[in-house]
Structures are given as C-alpha cells and as structure tokens.
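Scroll down for the structure; my scribbles are underneath it.
Read-outs throughout are calculated quantities, based only on the coordinates presented, and are distinct from any laboratory measurement. Keep in mind that this is a model prediction, so the values were computed, not measured. No Cβ is skipped: glycine too gets one built from the backbone with ideal geometry, and neighbour counts run over all protein chains shown.
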Amino acid sequence: MNASPPPFRISGHEFVAFVAAIMAVNALGVDLMLPALPRIGVDLDVAGANSRQWIITTYLFGFGLGQLVYGPLTDRLGRRPVLIATLIGFIGASLFAGASATFPALLAARLLQGLFSASTRVLSVAIVRDRYSGRQMARISSLAQMVFFLVPILAPTIGQGLLALGPWRFIFQALAGYAALVLVWSALRLPETLPPERRRSISPASLWEAYRIIGTNRFTMGYAIAGSLTFGAIIAFVSSAQQVFTDTFHQGARFTVLFGVCAAAMGFASFLNSRLVERLGTRLISQAAVMGLIALSLVHIAIEAAGWETLWTYVVVQALSMTCIGLCGSNFGAMAMEPVGHVAGTASSVQGFVTSIGAVVVGSLIGQSYDGTTMPLAIGYLCVGVGVLGIVLVVEGGRLFRPRMAAPQG
C-alpha cells in the first residue's frame with residue numbers, strides 16, 4: 001500500500017490552477033508563435049510554407065524525447081527540484097530562440113525548449129497521481145486541462161499582440177518571462193509530493209524493472225499508444241492551422257479568432273468530462289468520443305468530396321472533432337496511469353514519450369500532406385479514429401462500453 005502523502009500547502013482551486021500553469025508552459029511553447037510563422041519564414045529565409053511546420057514539430061520531438069529522462073529523475077530526486085531546474089533551462093532556451101540568426105539555430109533552440117518543457121508534462125501527471133487515482137485523477141486532470149485549454153484559445157491572440165509591440169523574437173522573450181513566473185510560484189508554494197520512502201533507485205536494474213512493469217502492462221501501453229494518435233491529430237491541426245485559415249479560406253485577419261473557436265471546443269470537452277467522468281466512467285466517455293470522431297471524419301470527407309466545403313463547415317466539423325479528441329485525452333491518460341501508480345514518475349515519462357513521439361510522427365504525416373485543401377486533415381482524422389478504435393478493442397479484449405475493474409498493477 002502506498003505511503004500517506006506529505007502535508008500539502010496547495011489545496012483546492014490553487015492546486016488545479018498550479019497544475020494548469022505548469023502545463024501551460026508547454027502549450028505556450030507551441031501556440032504563442034503561430035501568428036509569427038510567416039514572419040519568421042521571411043526573416044530566416046525558410047523555403048516552402050510546409051517547412052515552417054518544423055518550428056512546431058521540432059519542439060514537440062524534443063518534448064517527447066525529454067520525457068524518458070525526467071520520469072526516473074523525479075522518482076529518485078523528487079518532483080520539486082526537477083521542476084525548478086528544468087524551468088531555469090527552459091528560460092535559457094527561450095532566450096536562445098529569440099536570439100537565433102538562422103533557421104537551423106532556431107530549430108536547435110526549439111529542440112532545447114522541448115527537452116526542458118518535457119518535465120512539465122511528466123511532473124503535472126506525476127504530481128496529480130501522487131495525490132489522486134482513478135476517476136478522481138481523471139476529474140482533477142480534466143479541471144486542470146479546462147484551465148489549460150484557455151491557453152490555445154488566447155495564445156495566438158497574445159502572440160499577435162506581441163507582434164504588434166515588436167519583432168517575432170519578442171515572443172520568445174515573453175515565453176521566458178512566463179516560465180520565470182511559474183518558477184517563482186513553484187519555489188514559493190510547491191511542496192514535495194513524493195515522500196522519501198517512495199523514492200526509487202535509478203540503478204540500471206531498478207530502471208529495467210520499472211520499464212518492464214510499464215512495458216508489459218497492456219492497459220498502460222495500449223492507452224498510451226491510443227493517446228499518441230489523438231495527440232497527433234491535435235498536432236496536425238495546430239501545425240497547419242495558419243495555412244488552412246490563411247491560404248485555403250483567406251481568413252488571415254481572423255486567424256486568431258477562428259483558431260480560438262476550435263481550441264475552445266477542447267476546453268469545453270475537458271469541462272464536460274470533469275462533470276461526467278465520476279458518474280459515467282473513463283471508458284464509456286472515451287469510447288463514445290472515438291465513435292464520434294470516426295463519424296465526423298466520414299461526414300467531413302463527404303463534404304469535401306462533394307465540393308461543399310466552406311469556412312463554416314470546416315470550423316464546425318473541426319470544433320466537434322476537437323471536442324471528441326478532448327474527451328479522449330485525459331481519460332486515456334488516467335487509464336494508462338491507473339495500474340502503475342507505484343512507479344508514477346517513470347510511468348508518466350514512458351507514457352509521455354510514447355504519446356509525444358508517436359504524435360509527432362502522426363501529426364507530421366498529416367500536416368506535411370497539406371495541399372491547399374482540408375481533405376488531408378479529414379482523411380488523417382478518419383485514420384486516427386479507426387486506429388484508436390482498433391487499439392481500444394485489443395486493450396479491452398474486444399468489448400466496448402462496459403465498466404471494468406481496476407487493472408492489476410504490474
């Protein structure tokens with residue numbers, strides 16, 4: 001049985017806000033510079049509009065890769081010191097990005113930003129798992145994500161405002177400033193959530209045992225892979241959104257508003273999930289959402305194939321698809337973590353690595369196939385939905401829409 005957690009200074013709304021603030025470091029790292037992509041491309045002589053997507057995907061590759069490191073470190077050293085050290089590193093990488101004179105230098109800085117911000121994903125999951133489990137964990141995660149999803153809604157508008165005040169480099173300086181605020185909040189208010197008796201060795205034998213536990217649990221790995229597909233759909237949308245709204249629909253002036261509408265759908269999904277998950281369960285909600293995503297994708301393909309696609313058909317279908325994806329995200333994450341709470345930090349890192357790296361591959365395949373129409377996104381989302389459904393069927397033994405007792409720990 002797990003040891004009792006230590007006394008906790010942060011409680012209630014502040015805890016949710018704090019977890020959301022940690023998560024927002026990564027969200028801002030992705031979304032804040034979206035309005036600046038054309039300007040960055042011109043300033044750094046980037047050939048081809050699709051090439052600008054690497055500013056997003058390179059960051060996310062580093063974000064996925066770094067998570068393998070932080071899980072074992074946080075299980076050994078604790079949550080607080082790793083968070084503080086990596087926030088300092090993120091601040092430095094953001095300043096480096098703002099000073100980059102060439103596109104390769106900017107991509108190198110973005111890789112470093114992703115490597116450091118990877119800790120925020122591992123630690124947000126591990127800190128919540130230190131305090132909660134099961135449906136309670138899914139509810140708290142959904143509340144934090146509801147606050148967190150305000151960031152994608154507001155970030156492009158904030159980025160546009162920063163561009164009005166100065167060059168695109170100012171955006172990276174602002175990222176450094178936000179990370180500094182989170183650093184101060186962490187230093188002043190965050191207690192250590194992992195007691196000494198639950199620390200794990202980072203010897204090769206201990207790591208191998210933890211990885212064996214995680215890697216052989218079909219629920220943990222299955223839902224991590226399913227999460228990588230749905231996260232990949234988000235990356236595909238984010239990385240190509242500026243092109244879709246500006247080049248396909250000629251709505252560059254309204255890009256931030258239209259992007260915010262689609263992002264708001266994920267915030268609504270998290271709020272809805274937080275209200276329903278303890279009553280309906282993670283499986284019923286996420287599996288129904290996957291079915292909804294498949295149906296919406298088929299409708300979207302039919303609309304595009306018939307030549308009926310307009311700005312508003314795209315926004316409506318995309319927003320509804322993002323709602324379905326949002327209903328999958330926190331539930332898949334909670335189900336993946338539930339059997340491995342005794343190695344929460346390492347499990348969070350493995351889950352995050354699998355989810356993020358897989359998502360970069362999926363998102364890049366869909367995003368780089370952009371051809372001036374929305375058809376590649378529609379087909380990509382259908383493939384994601386069918387793939388997720390297949391994984392869920394394997395994980396759940398071929399049965400859907402049923403409650404299940406907690407999976408045995410590895």
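Structure values in brief
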| quantity | calculated |
| --- | --- |
| Likely footprinting exposure, 15, 271, fewest C-beta neighbours within 10 Å first | 271, 15 |
| Alpha-carbon centroid distance for the pair region 87-136 / region 287-316, whole angstrom | 33 |
| Debye intensity ratio I(q)/I(0), log10, region 256-369, q values 0.10, 0.16, 0.22 Å⁻¹ (C-alpha model) | -0.37, -0.90, -1.32 |
| Of [x] 28; [y] 43; [z] 65, the label for percent of Cα pairs over 33 Å apart derived from the coordinates | [x] |
| Net +/- balance of residues flanking residue 258 in space, Cβ distance below 15 Å, scoring K and R +1, D and E -1 | -2 |
| Under 11 Å, Cβ to Cβ, from residue 167 - net charge with Lys/Arg +1 and Asp/Glu -1 | +1 |
| Exposure proxy ranking, count of Cβ atoms within 10 Å, fewest first, for 57, 248 | 248, 57 |
| The chain - percent relative contact order, Cα under 8 Å, separation 6 or more | 27 |
| Footprinting exposure proxy for 291, 33 (fewest neighbouring C-beta atoms within 10 Å first) | 291, 33 |
| Cβ-based net charge around residue 182, under 15 Å, with every Lys or Arg adding one and every Asp or Glu removing one | +3 |
